[in-house]
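The values are calculated or read from the model by the stated rules, or taken from the named source; none is laboratory data. All of these numbers come straight from a predicted model, not from anything done at the bench. Virtual Cβ from ideal backbone geometry, glycine too; neighbours counted across all protein chains shown. Only protein heavy atoms, including side chains, enter the accessible area calculation; ligands, DNA and RNA are left aside. Shrake-Rupley method; radii C 1.70, N 1.55, O 1.52, S 1.80 Å.
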Amino acid sequence: MFYMSRHELNILKFTIAVVTEFAKFYGISQKQAYNYLVRFKGMEHLDEFYNVLHTLSFEDNVETLAEVCQHNGGMLR
C-alpha cells in the first residue's frame, strides 16, 4: 500500500484545487486545464513555488499560472 506524508497530501490537494479553478475560469475541462498547464510549464511553476503559492488566493494563483503559461507560449487570456 502507498502512503503519502501530510505535506505531500496537502500539495496534491492544492494542485487539484488550482487546476479545477483554472479550468472553471477558462471554461475548459479539468483534463484540458491540466494538459495546458503541463505543456506551458504552469505545473512546473506550481511545483517549484508551492511554498509561496499555497498562501495566495485561488484567483491570484489562476492569474499567476496564466501569466507563466503566456510567457511559455500559451494563448489563453
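For the range 50-59, how many residues are open to solvent by 50 Å² or more (accessible area, probe 1.4 Å), closer than 18 Å to Asn10 by Cβ and either in contact with an Asp or Glu (Cβ under 8 Å, 6 or more places away or on another chain) or part of a helix (DSSP H, G or I) (or both)?
Residues in the range 50-59 being open to solvent by 50 Å² or more (accessible area, probe 1.4 Å), closer than 18 Å to Asn10 by Cβ and either in contact with an Asp or Glu (Cβ under 8 Å, 6 or more places away or on another chain) or part of a helix (DSSP H, G or I) (or both): 3 in total.
Residues of the range 1-42 being touching a residue at least 12 places away in the same chain (Cβ under 8 Å), of a type in the set (A, V, I, L, M, F, W, C) and part of a helix (DSSP H, G or I), which ones?
Of everything in the range 1-42, those that are touching a residue at least 12 places away in the same chain (Cβ under 8 Å), of a type in the set (A, V, I, L, M, F, W, C) and part of a helix (DSSP H, G or I) turn out to be Ile11, Phe14, Ala17, Val18, Val19, Phe22, Phe25, Ala33, Leu37.
Test each condition in (1) of a type outside the set (A, V, I, L, M, F, W, C); (2) open to solvent by less than 70 Å² (accessible area, probe 1.4 Å); (3) under 18 Å from Glu8 (Cβ atoms) for Asp47 and report the one that comes out false.
It fails just one condition, (2).
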